[in-house]
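A.B. asks: Here it is: the structure, laid out below.
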Amino acid sequence: MTFKYPLFLYLLFSFAIANAQEVSVSKEFNLRNDYSYEILGNVGDHIVLLRDQGLEYSLEVLGNDLSYKKTVEIQFEKSKIELIGVVNRNEKFTIYYSFKDEGKTHISARSYNHKVEPIDTTLLFQEKTKVIKPQFDIAVSEDNSKVLVYNRRDKNELNIIAIDQDSVKVLYDDIISFDVYDLRSDFKEIIINNIGEVFILLNKNNRRGDKEKNIAEVNYVSPYTDIVESYQVSLSGIVASDMNIFFDNKKDNILVVGLYHEKNKTASQGYFMAKTSKRQISPLVTAELSPYSTEVLEAVYGKKIEEELKNFSISDVVFRNDGGFLLITEMNKELARRTYYNGTSRFNTSNNPGLWKDYYNEHIIMFAIKPSGIEHWAEVLHKKQFSQDDNNIYGSFFMYKSPSRLRLIYNDEIKKNNTVSEYVINPIGEFERNAVLSTDYQDLSLRFRDALQLSPTELLVPSQRNYRLNLVKIKY
């Protein structure tokens, strides 16, 4: 069904009324027997949903208007497989999965065309292993052209398999050993860029007692050489409360960015960055520290004296065309509580049945950084979201990109009848807050953190309530 919501005004905000949003809702899918699902977005003239039901796997095929078309059952080589991930690109998508057979671990790829018909199945990797169920993870390049499947073999070894998505061929398969790092505690993140280069971020001595020796290391693996290059980022004197690595595919820059404190990992006094050109990698780079301004702290906490932000973490980085970037952070906190009730919630992730959780997702802070590393502007976008015992699937926001602005879309409140709002931000930090739609009487519970951008004007969001799933398309 399709219906339209006119935008309406908040009493506390003044802005121009935009065009009505067109909202389409798919049929309902019963998830009672599902372990997980993944939305693939546009595949030719279809929208595809992958469903994992343990020993059964299927593809739900919808039209662009979200009308139901068909269900495609998937038959793998073995009944027991482990889904690693699925990648959609150029009207073709590929399911990556692993299985055990005769003492060997296999990694395979099953590809489908734009009609959601199977094209071929490719064996990517196999080796003998004593591990009963090896755990593989996946990373995908910004343009979905390169795929990285990886797993930790032991505390000092990482197996990486780089794959070209278009040809579904292995670019390289390497085992990387780390002599002085323990991957169980020092591994932070791994990414792959659009030409198949892999960057691994490690961090050692990130403790208050060892902060003078705090060091991050970036290992760089290329499909064009067998040598693993590396460089270090000095974080001497600080404790990183959050840290990530990003790659600017337009400018060929490696960015290590994080939040820091001198004492407490749950708070931060500012952010740090170390931007390095891939063409001119130095053996040692010193991170640049940027303390939070008084204006930012007052915008979050008011006039009361605060010298730090509590419970903020990095949500994302958006690179600017001039070589600068936007750092986007959000306040998020979990509080565990105990009850005298001995039952369990199906959303409860704790092994303790008497442990329940409160989730807080509040203000967003955006920092615009010039190519020189100087802060261009900073803005605090206020929101307050609270939920209980739902695994926080409805909190946070989705970042929707267009050539001239960013939209941050989120649920105003986590409840049955809710207003969906957005912040619209232009390149110089000016923003407005708009109401997008109301879910009153529509039986929708939108999971914006799992949304997909289909085009500059279309957004696809899962709506999940209990065991019922709908896909919702919002068109501007």
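No value in this document is a laboratory result; all are computed from the given coordinates. Since we're looking at a predicted model, the values are computed, not measured. So basically every Cβ, Gly included, is an ideal-geometry build from the backbone, and we count neighbours across all protein chains shown.
A.B. asks: For Rg and Dmax of the Cα atoms in Å, one of (1) 21.3, 66; (2) 32.5, 157; (3) 23.2, 67 was computed from the structure I shared and the rest are decoys. Which label?
C.D. replies: Here the calculated entry is (3).
A.B. asks: How high is the FRET efficiency between residue 304 and residue 67 when r is their beta carbon distance and R₀ equals 60 Å, given to the nearest 0.05?
C.D. replies: 0.65
A.B. asks: How far is it, in nm, from the label point at residue 386 to the one at residue 123 when both lie 7 Å from their Cα along the line to the Cβ?
C.D. replies: For the pair residue 386/residue 123, the computed spacing is 5.7 nm.
A.B. asks: Something else: For 152, 447, which order do you get if you count the other beta carbons within 10 Å of each Cβ and list the fewest first?
C.D. replies: 152, 447
A.B. asks: Which of the peptides 194-201, 279-286, 263-270 is most tightly packed, and how do the rest follow, judged by the mean count of other Cβ atoms within 10 Å per residue?
C.D. replies: So the peptides 194-201, 279-286, 263-270, ranked by packing, come out 194-201, 263-270, 279-286.
A.B. asks: In square nanometres, what is the average projected area of the Cα convex hull of segment 35-130?
C.D. replies: Numbers: hull surface 24.4 nm².
Value for segment 35-130: 6.1 nm².
A.B. asks: Which entries in the list 146/401; 78/128; 204/263; 169/401 go over 19 Å, if you measure between the two C-alpha atoms of each?
C.D. replies: 146/401; 169/401
A.B. asks: Positive end of the dipole of the chain, charges at C-beta (+1 Lys, Arg; -1 Asp, Glu), about the Cα centre: which of 434, 228, 168 has its Cα farthest in that direction?
C.D. replies: Farthest towards the positive pole: 434.
A.B. asks: Taking other Cβ within 10 Å of each residue's Cβ, how do 356, 377 sort, fewest first? Don't jump to the answer; show the numbers that get you there.
C.D. replies: On the way: 356 19, 377 14.
Placing the least packed residue first, the sequence is 377, 356.
A.B. asks: Using just the helices of the chain, give the 222 nm mean residue ellipticity in deg cm²/dmol: DSSP H runs with n ≥ 4 each add -39,500 (n - 2.57), and the total is spread over all residues, rounded to 500.
C.D. replies: -500 deg cm²/dmol
A.B. asks: Output the direction-averaged projected area (hull surface divided by four) of the convex hull of the alpha-carbon atoms of segment 195-274, in nm².
C.D. replies: Numbers: hull surface 22.2 nm².
Averaged projected hull area, Cα only: 5.5 nm².
A.B. asks: Starting with the fewest neighbours, write out 292, 260, 224, 467 ranked by other beta-carbon atoms found within 10 Å of each beta-carbon.
C.D. replies: With the fewest neighbours first, 292, 260, 224, 467 line up as 224, 467, 292, 260.
A.B. asks: Going by Cα centres, segment 108-170 and segment 249-274 are how many Å apart?
C.D. replies: Here the two parts' Cα centres lie 30 Å apart.
A.B. asks: Work out the FRET efficiency for residue 174 and residue 262 from their Cβ-Cβ distance, taking R0 = 30 Å, and round it to the nearest 0.05.
C.D. replies: Efficiency at R0 = 30 Å is approximately 0.20.
A.B. asks: Going toward the positive end of the dipole of the chain, with +1 on Lys and Arg Cβ and -1 on Asp and Glu Cβ, which of 476, 191, 274 do you reach last?
C.D. replies: 476
A.B. asks: What's the center-to-center distance, using Cα atoms, between segment 22-74 and segment 395-434 in Å?
C.D. replies: 26
A.B. asks: Let me ask another. To check my understanding: the extent here is largest minus smallest coordinate of the Cα atoms along each principal axis. What are those three numbers for segment 176-230, in Å, largest first?
C.D. replies: Largest to smallest, the principal-axis extents are 40, 21, 19 Å.
A.B. asks: Nothing charged except the Cβ atoms of Lys and Arg (+1) and of Asp and Glu (-1): what's the magnitude of the dipole of the chain about its Cα centre? Round to the nearest 20 debye.
C.D. replies: Here the size comes out at about 900 debye.
A.B. asks: Let me ask another. Relative contact order for the chain: what is it in percent, counting Cα pairs under 8 Å that are at least 6 residues apart?
C.D. replies: About 10 percent, as a whole number.
A.B. asks: Where does the Debye-calculated log10 I(q)/I(0) of segment 381-476 sit at q = 0.10, 0.11, 0.19 Å⁻¹, using only Cα point scatterers of equal weight, no solvent?
C.D. replies: -0.25, -0.31, -0.90
A.B. asks: Stretch residue 468-residue 230 to full length: gain in nm at 0.36 nm per residue minus the Cα-Cα span?
C.D. replies: 80.9 nm
A.B. asks: Gap in Å between the Cα centre of segment 198-247 and the Cα centre of segment 296-333?
C.D. replies: Here the answer is 22 Å between Cα centres.
A.B. asks: List the pairs from 250/370; 130/155; 69/416 whose alpha-carbon separation is above 24 Å, in the order I gave them.
C.D. replies: Beyond 24 Å: 69/416.
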